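Colleague: I have a structure I would like to understand better, so I am pasting it below and will then ask my questions one at a time.
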Amino acid sequence: MNLSFWALLKILLEGKNTLVFLFFTILGLSFSMGVILCNFGLMDGYEVLLKKGLRKNSSDLEVTSQFGFFSINKSFRESIDQEKIKKFAGVIRTEGFLIANQKSKGVLVNGIDSEEFKTVSALDFEFKIEDGIVIGTALAKELNVQEGDDVVLAFTRGNQNIDDLPYLNSVRVEKVISHGIYKKDLRVVYMPRTQLEKFANTEDRVNTVLIKLEDVSETELKKVQARLETSLGYGFLVKPYWSGFKTLIDAVKVEKFSITIILQLIIVIGLFNIVAFINFNTIKKSQEFFMLRALGVSAKAIHQFWVGLIILIWLSSCVLSLLMTFFIDNVVLKLPFLKLPGSIYELDYLSLYLKPSGVFIVFALTFLWSLGVILFILWRERRKSILAGLRQRFA
């Protein structure tokens, strides 16, 4: 006598209580998987959003020199041309203070050529006046200024060789922009490079070059970085755009691994529900199943049914967990009261970013735990005789 999996499932699911129990069993396991997927998604999403925000004003690679200012001369151009780099921008970077409304804030001043800067950065603005300055949204809020306001830019006298460096300079806020990174919006300002050259007396030299690469992966970017350091020679340093946040990014990766290990406990709890469901039904339906065995259904077929049932619960939970993460990403994380304090997390909001590898790891780990449940159920069922099964309900 042969019965299909679906025929046996129909026998098992007779009764409203059984259906409700199965639903909450799948819901419990899918919730456990969804929590881990959200952990993966939040951590990876944080890294993706952070790097995306950093790339807006830092391009792909930054070239600096241990000796300070340098010229973008023929030798420099030939060195970067070996990597077929056509988009680059020279920047003068120095530290100072922005003063307004009896408040001051330390800032990193970027002297740029706006047309040149557009080729390497997603930020798009132009200087219409010589004494104009562009600041971030967080800095504008901190100093209570807006576009068109006059502020004072003060430079420190850290370099004693620059004797004619002005100490205070009146500038006008031309534009308020958003980088997508709190620290950038609070600390980074831009002004015409020609003006900063006068202040710093650099004579057409820069101390940073931003380089834009065309559609390269992180792996290829690291290879270009290594080759550029070799071709530029001694004294030049080449850093990826996220180098200043490397410690934070590494910490997020460690936290993702640690939390994932800890959250395996809730997977185990979800699997206890599967064991409870099967125990409930083996007692409730024991007569039916062992009667089938007495009528000729093999023990192997019954065992295959239990294995198939656990796999079906696992597959259903996988699909439901993905739906949960979609709901959390598009509804829950968009709620206003979940807006992040940028001063702590650098970002104003979070978004889930699920890599296929992360989804596979979560589903595979859950399946491995499910194999343990399968082995336990098979071991227990094989110990029962037909007579013991028929008597089980009345024991």
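The values are calculated or read from the model by the stated rules, or taken from the named source; none is laboratory data. Note that the structure is predicted; figures quoted are calculated from it, not measured. Neighbour counts are summed over all protein chains in view; Cβ atoms, including those assigned to glycine, are modelled from backbone coordinates with ideal geometry.
Colleague: Going through the range 123-145 one residue at a time, which ones are outside any helix (DSSP H, G or I) and loosely packed, with under 14 Cβ neighbours inside 10 Å?
Modeller: Result: D124, E126, K128, I129, E130, N144.
Colleague: Which residue, of D215, D185, is in the same structural domain as E83 (by TED's automatic domain parsing) and in a loop (DSSP other than H, G, I, E, B)?
Modeller: D215
Colleague: For the range 81-94, state whether one or more residues are in contact (Cβ under 8 Å) with a residue 12 or more places away in the chain and either more than 37 Å from the chain's Cα centre (by Cα) or assigned to a helix (DSSP H, G or I) (or both).
Modeller: No, every residue in the range 81-94 fails to be in contact (Cβ under 8 Å) with a residue 12 or more places away in the chain and either more than 37 Å from the chain's Cα centre (by Cα) or assigned to a helix (DSSP H, G or I) (or both).
Colleague: Here's something else I'd like to know. Given the conditions (1) part of a helix (DSSP H, G or I); (2) modelled with pLDDT under 60, which single one is not true for L340?
Modeller: L340 satisfies all of (1) part of a helix (DSSP H, G or I); (2) modelled with pLDDT under 60 except (1).
Colleague: Now, a different point. Looking at V209 and the list (1) in a helix (DSSP H, G or I); (2) surrounded by 14 or more Cβ atoms within 10 Å (Cβ to Cβ); (3) not assigned by TED's automatic domain parsing to the domain that holds I311, which single condition is not satisfied?
Modeller: It is condition (1) that V209 fails.
Colleague: Looking at E47, E14, E78, can you tell me which residue is outside the structural domain of S370 (by TED's automatic domain parsing), outside any strand (DSSP E or B) and either under 30 Å from K256 (Cα atoms) or modelled with pLDDT under 90 (or both)? Walk me through it before giving the result.
Modeller: Values: E47 fails: outside the structural domain of S370 (by TED's automatic domain parsing); E14 fails: outside the structural domain of S370 (by TED's automatic domain parsing).
Sole residue among the options that is outside the structural domain of S370 (by TED's automatic domain parsing), outside any strand (DSSP E or B) and either under 30 Å from K256 (Cα atoms) or modelled with pLDDT under 90 (or both): E78.
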